Amino acid sequence: MVVPQEVPLGPRDFVNREADLGRVDRLWASRSAGATRLGVCTGLPGVGKTAFIRRCVQRFRDTAVFSGGDLHVEFASVDGIAPSVADALGSCLLALGVAKDVMPSTLAERANRLRTITAEKAVLIVLEDVSDAAQVLPFVPNGSGSAVLVTSSAQLSDLLADGAEAIRLEPLDDASGAHLVTTLVGARAEAEPEAVGRLVRLCSGLPVALKVAASRLLARRGMSVGELASQIESGRSGFAVGGEDKVSAVFAVAYEALASEPARIYRLLGLYTGRDLTQDTLSRLADVGQDASSSAVETLIESGLLNEDSDGRLSLHAMVRRHARQLAFSQDGADECEAAVRRVVTHLVTTAAFADLAVLGTGRYRVDPDTLTHGWKSPFAGASAKREALAWLDRERGNLLAVQRAAADLDMHDESWRLAEALTALYVTRRYLVDWTESSALGANSARLIGNRRAEARLRSFVSRAWSDLGNLDRAGEELVDRALPLAEQADDTRLLASVWEMLGRYRDHVDPGDAAEAYQRAIALFAQENDTRGIAFTSLFLGSSHYRSGRLQEAEDILRNALAQIREVGDARMHGRCLTELGNVLRARGATGQARQTLNEAVEILRDDDQPYYEAEAREDLLTLVEDETGLQALMEIHERLGSGRAGEFRDRLRRLRDSAPSA
């Protein structure tokens with residue numbers, strides 16, 4: 001397995017903070033065995049917390065302190081809403097090798113699984129922009145091998161009271177600030193020590209402002225440090241960040257030096273609702289070609305106003321973003337600001353629709369499958385299309401949810417519900433359950449507002465899977481029975497109604513198994529009206545499974561054999577193997593041991609060849625009920641190790657007991 005290294009690299013021009021870095025080094029060295037290692041880095045916005053923590057991570061990588069790698073979570077709120085802790089835990093578990101099929105559903109279960117893994121391997125978890133101790137506690141490891149580093153503008157006194165190490169970064173003093181400016185600018189700064197001191201004080205010792213000021217000096221070789229300081233002192237930006245007008249004046253001076261097109265793009269960047277973006281998205285935001293976009297990006301990076309991380313993603317510091325956003329509203333007008341956001345929404349929604357098609361294929365039911373993608377070329381093509389599409393959705397996850405909120409706020413309700421439908425490709429694959437419920441609620445509300453019953457019914461029915469997995473069966477039933485089913489019955493879409501009844505069957509499997517068969521039978525009859533072999537085949541598998549669990553073995557066998565023939569026609573290896581597994585269990589329950597073993601072995605072969613380890617493990621475990629052998633236990637142990645499920649130890653123990661009980665030769 002690849003060791004995760006998720007924390008982006010720190011800035012190349014990082015200087016100073018040696019005393020603070022030494023404190024972090026001592027924190028790890030001085031912790032006694034069994035003690036939790038938790039560092040909380042606090043300080044004002046712009047003081048350099050992110051750069052400092054990322055430099056710490058680079059030092060740890062160089063010394064291999066955390067052999068299990070490093071994980072990264074950003075809790076910065078977007079439009080006032082912070083990411084879900086449960087989904088952040090899920091993201092960390094995925095990076096550590098836990099397969100989505102064995103991903104725990106609840107926050108508590110995910111936190112427990114993370115603690116188990118980080119007790120076994122040394123992992124560093126970096127949590128940025130934390131606002132509350134409750135966001136941190138689920139990530140805290142039990143032992144001393146792993147650790148957590150937190151950045152926050154809040155004090156997080158609850159964590160400190162429980163033994164966390166406080167690392168408070170103060171603004172740079174005159175000497176440290178002068179050192180930073182001199183390092184960046186060179187001889188000119190050395191020649192004007194008094195002016196450099198003035199500049200440091202005007203920037204309040206904040207690295208984010210000092211770097212913008214230094215970039216201005218580098219761009220104007222003939223400008224002295226004193227001249228820049230005077231420009232800042234005379235500036236009247238009318239914009240305050242934390243009460244510091246003089247800091248915002250630094251950004252104003254840098255902005256005023258921009259040519260018209262980079263200046264316009266800078267202002268529009270302040271309107272972007274996500275956390276970061278690609279250059280392609282920036283081009284759509286500004287409605288310019290790639291060449292103009294690349295030129296503007298280069299200019300803005302050189303000015304110090306725009307950041308580019310080690311993955312090539314672009315962002316504005318929060319303080320700079322506020323400055324840019326205010327300028328956009330004052331200089332570009334409400335119509336152009338809205339048009340820019342609309343362009344980004346359209347671009348990202350369309351790309352998400354292509355990603356959905358690449359991940360889940362064309363056979364999946366969609367409300368209007370071709371509306372967004374017609375006439376456009378998919379950015380995801382070739383043998384790696386599915387992998388690249390899923391990676392894109394994962395990288396853009398927080399941004400896409402923010403864009404969906406922006407779409408709803410702009411009454412772009414078609415785009416809002418369409419994005420919600422596309423995002424389920426990510427949520428069902430990665431099991432970001434909380435994001436799934438939020439996105440579906442936004443999308444369903446948008447569909448309701450424009451009277452689209454089909455879209456609302458689809459989103460409400462499908463999200464019942466997320467609510468069920470979260471353990472909220474009441475909410476799952478409310479979405480299905482009270483809302484989705486009446487809407488689907490009013491819509492002129494037989495396939496939609498069939499899919500809702502299928503979801504009802506799966507819901508009833510949880511709450512009322514005796515009534516699940518009726519829902520599945522209704523779904524099958526409706527799919528048959530549409531000649532939807534795929535829908536009939538898959539729902540028949542669920543129906544056969546329901547009969548098996550209810551003890552109706554002959555009916556179960558008949559239905560599963562029919563389903564098996566249909567699934568072979570459809571050509572889905574995963575469902576083929578699952579159907580064989582269920583049929584094997586029915587045969588075993590009926591006492592046909594030989595047929596059951598043959599059927600389950602066939603399921604194992606198909607699922608292994610299709611690289612479906614979770615379902616292969618299910619078939620192998622069912623085989624163990626017929627005969628417990630060393631080969632099967634060894635395979636199950638290895639599969640669960642690969643899945644990161646936590647059950648590997650169970651099969652390791654069973655294998656050891658089997659070997660210990662074997663008669664000696």
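State the number of residues belonging to the range 49-83 that are out of contact with any helix residue (DSSP H, G or I) (no Cβ under 7 Å at 6 or more places or on another chain), surrounded by 22 or more Cβ atoms within 10 Å (Cβ to Cβ) and over 25 Å from Gly22 (Cα atoms).
0
Between a first residue in the range 472-485 that is at pLDDT 95 or above and a second residue that is among the aromatic types (Phe, Trp, Tyr) and surrounded by 16 or more Cβ atoms within 10 Å (Cβ to Cβ), which pairs have beta carbons less than 6 Å apart while being 6 or more apart in sequence or on different chains?
As it stands, the answer is Arg475/Trp467; Ala476/Trp467; Ala476/Tyr507; Leu480/Tyr507, since those pairs meet every condition given.
Provide a single number: the residues in the range 142-153 that are modelled with pLDDT of 85 or more and surrounded by fewer than 22 Cβ atoms within 10 Å (Cβ to Cβ). Spell out how you get there, then give the answer.
Pass one, the range 142-153, residues modelled with pLDDT of 85 or more: 146-153.
Going one step further and asking which of them are surrounded by fewer than 22 Cβ atoms within 10 Å (Cβ to Cβ), we end up with 153.
Residues that pass the stated criteria total 1.
Where residues in the range 216-230 are under 43 Å from the mean Cα position of the chain (by Cα) and surrounded by 20 or more Cβ atoms within 10 Å (Cβ to Cβ), which of them is nearest to Thr299 (Cα to Cα)?
Arg216
Report yes if Arg534 is part of a helix (DSSP H, G or I), within 17 Å of Glu502 (Cα to Cα) and of a type in the set (Lys, Arg), otherwise no.
On the way: part of a helix (DSSP H, G or I): yes; within 17 Å of Glu502 (Cα to Cα): yes; of a type in the set (Lys, Arg): yes.
For Arg534, the condition - part of a helix (DSSP H, G or I), within 17 Å of Glu502 (Cα to Cα) and of a type in the set (Lys, Arg) - is met.
Does Ala406 fit the bill of being under 19 Å from the mean Cα position of the chain (by Cα), hydrophobic (A, V, I, L, M, F, W, C) and at pLDDT 95 or above?
Details: under 19 Å from the mean Cα position of the chain (by Cα): yes; hydrophobic (A, V, I, L, M, F, W, C): yes; at pLDDT 95 or above: no.
No; evaluated as a whole, the condition is false for this residue.
Gly68 - would you say it is over 27 Å from Ser157 (Cβ atoms) and at pLDDT 95 or above?
Here the answer is no, as Gly68 does not meet what is asked.
Which residues, counting only those in the range 353-376, are surrounded by 15 or more Cβ atoms within 10 Å (Cβ to Cβ) and among the hydrophobic types (A, V, I, L, M, F, W, C)?
Those that are surrounded by 15 or more Cβ atoms within 10 Å (Cβ to Cβ) and among the hydrophobic types (A, V, I, L, M, F, W, C): Ala353, Phe354, Ala355, Leu357, Ala358, Val359, Leu360, Val367, Leu372.
Take the conditions assigned to a helix (DSSP H, G or I) and more than 30 Å from Ala95 (Cβ to Cβ) and apply them to Gln634. Does it pass? Before you say what the answer is, go through the steps one by one.
Numbers: assigned to a helix (DSSP H, G or I): yes; more than 30 Å from Ala95 (Cβ to Cβ): no.
Here the answer is no, as Gln634 does not meet what is asked.
Examine the range 144-154 for a residue that is in contact with a Phe, Trp or Tyr (Cβ under 6 Å, 6 or more places away or on another chain) and outside any helix (DSSP H, G or I), and state whether such a residue exists.
yes
Determine if the range 328-335 includes at least one residue that is surrounded by 14 or more Cβ atoms within 10 Å (Cβ to Cβ), modelled with pLDDT under 95, in a helix (DSSP H, G or I) and touching a strand residue (DSSP E or B) at 6+ places or on another chain (Cβ under 8 Å).
No - not one qualifying residue is present in the range 328-335.
How many residues are more than 25 Å from Thr494 (Cα to Cα) and within 13 Å of the chain's Cα centre (by Cα) when one looks only at the range 409-435?
Step one: of the range 409-435, the residues more than 25 Å from Thr494 (Cα to Cα) are 409-412, 426-427, 429-435.
Of the ones still in play, those that are also within 13 Å of the chain's Cα centre (by Cα) are 426-427, 429-435.
The total comes to 9.
When you look at Ala76, is it under 30 Å from Leu172 (Cβ atoms) and small (Gly, Ala, Ser), yes or no? I'd like the intermediate steps shown before the answer.
Values: under 30 Å from Leu172 (Cβ atoms): yes; small (Gly, Ala, Ser): yes.
When the stated conditions are applied, Ala76 passes them.
Looking for something among the hydroxyl-bearing types (Ser, Thr, Tyr), at pLDDT below 95 and either under 27 Å from Gly551 (Cα atoms) or assigned by TED's automatic domain parsing to the domain that holds Leu94 (or both) - is there at least one such residue anywhere in the range 625-643? Don't jump to the end; show me each part of the working.
Just the residues of the range 625-643 that are among the hydroxyl-bearing types (Ser, Thr, Tyr), to begin with: 625, 631.
The next check asks that each one be at pLDDT below 95; those that pass are 625, 631.
Filter once more, so that each one left must be either under 27 Å from Gly551 (Cα atoms) or assigned by TED's automatic domain parsing to the domain that holds Leu94 (or both): 625.
Yes: one or more hits.
May I ask you to list pairs of residues, at least six apart or on different chains, whose Cβ atoms are under 6 Å apart, with the first in the range 383-404 being of a type in the set (Lys, Arg) and the second being not in a helix (DSSP H, G or I)?
Between residues of the range 383-404 that are of a type in the set (Lys, Arg) and residues that are not in a helix (DSSP H, G or I), there is no close pair.
As an exercise: evaluate Leu393 against (1) in contact with a Gly (Cβ under 7 Å, 6 or more places away or on another chain); (2) within 30 Å of Thr533 (Cβ to Cβ) and give the number of the one condition it does not meet.
Leu393 satisfies every listed condition except (1).
Could you check the range 595-624 and list, in sequence order, the residues that are charged (D, E, K, R) and either modelled with pLDDT of 95 or more or part of a helix (DSSP H, G or I) (or both)?
Looking only at the range 595-624, we keep the residues that are charged (D, E, K, R), and these are 597, 602, 605, 608-611, 616, 618, 620-622.
Arg597, Glu602, Glu605, Arg608, Asp609, Glu616, Glu618, Arg620, Glu621, Asp622 - these are the residues of the range 595-624 that are charged (D, E, K, R) and either modelled with pLDDT of 95 or more or part of a helix (DSSP H, G or I) (or both).
Sort through Leu473, Leu459 and tell me the only one that's within 26 Å of Asp87 (Cα to Cα) and surrounded by fewer than 20 Cβ atoms within 10 Å (Cβ to Cβ). Quick ask: steps written out before the conclusion?
On the way: Leu459 fails: surrounded by fewer than 20 Cβ atoms within 10 Å (Cβ to Cβ).
Among Leu473, Leu459, only Leu473 is within 26 Å of Asp87 (Cα to Cα) and surrounded by fewer than 20 Cβ atoms within 10 Å (Cβ to Cβ).
The values are calculated or read from the model by the stated rules, or taken from the named source; none is laboratory data. The structure displayed is predicted, hence computed values, not measured ones. No Cβ is skipped: glycine too gets one built from the backbone with ideal geometry, and neighbour counts run over all protein chains shown.
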